[in-house]
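What follows is a short report on a single structure.
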Amino acid sequence: MKSKKNLNSRRSFIKNGVAAASIMIVPRNVLGGPGFIAPSDQLNLAAIGAGGKGASDINNASVKGRERVVALCDVDFSGSAKKSVEAFPKAKVYADYREMLDEEKDIDAVTISTPDHVHGPAAVFAMQRGIHVYVQKPMTHNIREARILTEMARTQKVVTQMGNQGGSNPLLNMVQDWVDKGTIGAISEVQVWTNRPVWPQGVPMPASDPSSKPTALNWDLWLGPAPEKPYTPNMHPFSWRGWWDYGTGALGDVGCHLIDIPFRTLGLKYPTGAECSVGSVYSQMWTPDYNPEGCPASSLITLDFDATEKTKSAIKMSWMDGGIRPAHPDIIPPNSDIGGKDSANGVLIIGEKGIISTNINDSSPLMPKLYLNDGTTNFGPEVEKMTEPEYGHQRKWVDACKAGFNSPEHLALTSSFDYAGPMTETVLMGNLAIRSFMLRKENAEGRMDYYARKKLLWDGENMRITNLEAANQYVTRTYRDGFKV
């Protein structure tokens with residue numbers, strides 16, 4: 001394990017490198033050429049998950065080569081992870097992040113961009129070694145993991161950021177200003193929706209077929225904390241999202257972008273209750289398909305929140321996915337989109353004086369729009385101009401790592417775990433409601449009773465459903481040896 005004393009000394013040296021340079025007689029730009037950065041001023045970065053979103057995360061974190069990428073970890077370097085190897089040819093490659101973090105003693109910070117089920121175990125393993133972490137959304141696969149990571153970041157004094165890059169979008173300030181000034185009056189309702197899933201979901205789990213496993217894929221390491229099973233086609237690299245052992249469905253994919261907007265601007269805390277219903281698929285008469293191992297094709301979830309200083313009243317938030325969306329508000333012209341383009345994704349913050357409408361909060365145009373009951377409107381730009389990739393979300397995290405824990409740069413991060421943890425728990429509460437909705441048992445007549453289809457009451461501080469014990473099994477998960485959290 002990396003010596004924390006040595007790690008802190010090195011970080012202090014990096015942080016004070018500029019000041020130390022002032023005593024040099026010969027300027028660095030003379031010794032190293034224009035733009036030269038001394039090795040002591042560079043952060044040693046590594047990636048866990050180097051393909052897909054992982055490729056852009058580690059590339060953006062390197063800040064065009066300003067920082068040093070020393071290691072790359074992926075379970076399959078035959079696919080999109082090749083781009084990272086080509087971009088960082090000096091980086092050592094690994095299949096197992098545990099091996100990488102134990103062998104590479106000088107890693108300062110790591111990006112984690114794996115399937116959802118590996119986020120928590122990988123982040124814990126890194127933070128235990130005093131390594132700063134950037135974790136893709138959702139921060140974790142389950143609520144308990146999110147709480148553990150949030151608390152561990154504080155005790156280990158590491159700088160953290162969740163990969164919901166829209167949190168760094170400066171246009172959110174426009175929405176925040178409307179809320180803070182009370183422009184739409186007392187707020188009591190929020191509606192959030194998405195066109196996801198856009199991958200197979202609500203269908204039976206594909207059959208395992210070990211003979212079709214790609215040679216380059218380390219399936220056992222891909223499974224990580226999930227139950228051991230033979231290779232299942234099409235899980236890797238993307239279709240894992242719709243299966244509970246690996247993914248977190250539509251909520252996990254975009255909930256941390258969409259729900260982030262009202263959660264952040266309204267100052268929401270843990271929800272107090274959750275209720276849901278899911279769309280049924282009938283492959284035969286009178287009998288709905290039952291695939292509890294996977295997420296449903298569509299769902300409607302309602303979350304209750306206590307009043308905050310910004311809302312003045314309790315909030316009811318509705319989440320819709322699978323193509324379901326809210327009714328078009330009367331004060332928005334009928335031929336205008338609500339939310340984003342074609343009304344496919346969006347957020348409506350509804351107050352007594354009007355409505356705020358926005359698009360998804362990722363790298364899409366946020367398109368904030370204000371509609372008041374008296375006919376007043378105010379629109380933000382429909383085309384965003386980003387001066388750096390993803391609003392500088394990864395670069396700001398890197399700068400905070402170099403500045404240190406509790407530095408102004410760290411405290412200015414928009415999705416450090418102090419914020420992203422509770423917000424992720426809220427997103428994952430929707431999945432807890434969905435999974436509980438599918439619980440059933442056979443009754444005396446030989447029919448199935450769906451006994452958990454009720455409103456769930458949530459004690460956020462203690463992470464417990466208080467009126468249905470069976471639902472609490474989904475607060476956490478069972479882990480394979482070697483990946484326990």
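The values are calculated or read from the model by the stated rules, or taken from the named source; none is laboratory data. Please read all numbers here as calculations on a predicted model, not as lab measurements. Glycine gets a Cβ as well: all are built from the backbone with ideal geometry, and neighbour counts include every protein chain shown.
Summary table
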{"read-out": "Count - residues of segment 124-153 that are among the β-branched types (Val, Ile, Thr) and either in contact with a Pro (Cβ under 9 Å, 6 or more places away or on another chain) or over 20 Å from GLY54 (Cβ atoms) (or both)", "value": "3"}
{"read-out": "Search result, residues across segment 63-107 that are buried (at least 23 other Cβ atoms within 10 Å of the Cβ), under 25 Å from ASP362 (Cα atoms) and hydroxyl-bearing (Ser, Thr, Tyr)", "value": "SER84"}
{"read-out": "Yes/no for LYS64 being at positive phi, basic (Lys, Arg), out of contact with any Ser or Thr (no Cβ under 7 Å at 6 or more places or on another chain) and in the same structural domain as ASP399 (by TED's automatic domain parsing)", "value": "yes"}
{"read-out": "Whichever residue in segment 391-412 is not in a helix (DSSP H, G or I) and not aromatic (Phe, Trp, Tyr) and, among such residues, is nearest to GLN165 (Cα to Cα)", "value": "ALA412"}
{"read-out": "Qualifying residue in segment 289-297 (condition: among the small types (Gly, Ala, Ser), surrounded by fewer than 18 Cβ atoms within 10 Å (Cβ to Cβ) and assigned by TED's automatic domain parsing to the domain that holds LEU439)", "value": "no"}
{"read-out": "Matching residues, segment 185-242, being of a type in the set (Ser, Thr, Tyr) and under 30 Å from LEU303 (Cα atoms)", "value": "SER188, THR194, SER239"}
{"read-out": "Filter pass, ALA46 being under 20 Å from the mean Cα position of the chain (by Cα), small (Gly, Ala, Ser), modelled with pLDDT of 95 or more and assigned to a strand (DSSP E or B)", "value": "yes"}
{"read-out": "Residue count, segment 84-97 (criterion: more than 23 Å from the chain's Cα centre (by Cα) and over 16 Å from TRP222 (Cα atoms))", "value": "8"}
{"read-out": "Hits in segment 169-207 (condition: surrounded by fewer than 23 Cβ atoms within 10 Å (Cβ to Cβ) and either touching a Phe, Trp or Tyr at 6+ places or on another chain (Cβ under 9 Å) or on the phi > 0 side of the Ramachandran plot (or both))", "value": "PRO170, GLY182, ILE184, GLY185, TRP199, GLN201, GLY202, MET205"}
{"read-out": "Cross-chain or 6+ apart pairs with Cβ under 9 Å, segment 379-403 first and closer than 28 Å to SER336 by Cβ and in contact (Cβ under 8 Å) with a residue 12 or more places away in the chain, then in a helix (DSSP H, G or I) and among the aliphatic types (A, V, I, L, M)", "value": "GLY380/MET174; GLY380/VAL175"}
{"read-out": "Leading residue by the ranking (surrounded by the most Cβ atoms within 10 Å (Cβ to Cβ)) among those in segment 342-363 that are free of Cβ contacts under 8 Å to residues at least 24 places away in the same chain and over 20 Å from the mean Cα position of the chain (by Cα)", "value": "SER343"}
{"read-out": "Failed condition for ASN378, given (1) on the phi > 0 side of the Ramachandran plot; (2) in a strand (DSSP E or B)", "value": "(1)"}
{"read-out": "Checking SER407 against (1) surrounded by fewer than 23 Cβ atoms within 10 Å (Cβ to Cβ); (2) of a type in the set (S, T, N, Q); (3) more than 30 Å from GLY120 (Cβ to Cβ), the condition it does not meet", "value": "(3)"}
{"read-out": "Long-range neighbours under 6 Å by Cβ, at least six apart or interchain, first residue closer than 30 Å to THR140 by Cβ and not assigned by TED's automatic domain parsing to the domain that holds GLY273 within segment 431-446, second assigned to a loop (DSSP other than H, G, I, E, B) and modelled with pLDDT under 95", "value": "none"}
{"read-out": "Residue match in segment 447-464 (condition: assigned to a helix (DSSP H, G or I), in the same structural domain as GLU228 (by TED's automatic domain parsing) and more than 20 Å from VAL254 (Cα to Cα))", "value": "no"}
{"read-out": "Search result, residues across segment 231-256 that are in contact with a Ser or Thr (Cβ under 7 Å, 6 or more places away or on another chain) and more than 21 Å from MET139 (Cβ to Cβ)", "value": "TYR231, THR232, PRO233"}
{"read-out": "Where a residue in segment 205-219 is in contact (Cβ under 8 Å) with a residue 24 or more places away in the chain and closer than 14 Å to ASN234 by Cβ and its partner, wherever it lies, is among the acidic types (Asp, Glu) and surrounded by 11 or more Cβ atoms within 10 Å (Cβ to Cβ), with Cβ under 8 Å and at least six apart", "value": "MET205/GLU293; PRO214/ASP76; LEU217/ASP76"}
{"read-out": "Selection count where residues are surrounded by fewer than 24 Cβ atoms within 10 Å (Cβ to Cβ) and among the acidic types (Asp, Glu), scope segment 123-155", "value": "1"}
{"read-out": "In segment 364-385, residue modelled with the lowest pLDDT [restricted to those that are surrounded by 14 or more Cβ atoms within 10 Å (Cβ to Cβ) and among the small types (Gly, Ala, Ser)]", "value": "SER364"}
{"read-out": "Selected residue (criterion: nearest to the chain's Cα centre (by Cα)) from residues of segment 183-227 that are more than 30 Å from THR377 (Cα to Cα) and acidic (Asp, Glu)", "value": "ASP220"}
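Residues checked against (1) within 30 Å of ARG480 (Cβ to Cβ); (2) part of a loop (DSSP other than H, G, I, E, B):
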site: ASN173; (1), (2): no, no
site: ALA207; (1), (2): yes, yes
site: TRP222; (1), (2): yes, no
site: TYR231; (1), (2): yes, yes
site: PRO237; (1), (2): yes, yes
site: ARG241; (1), (2): yes, no
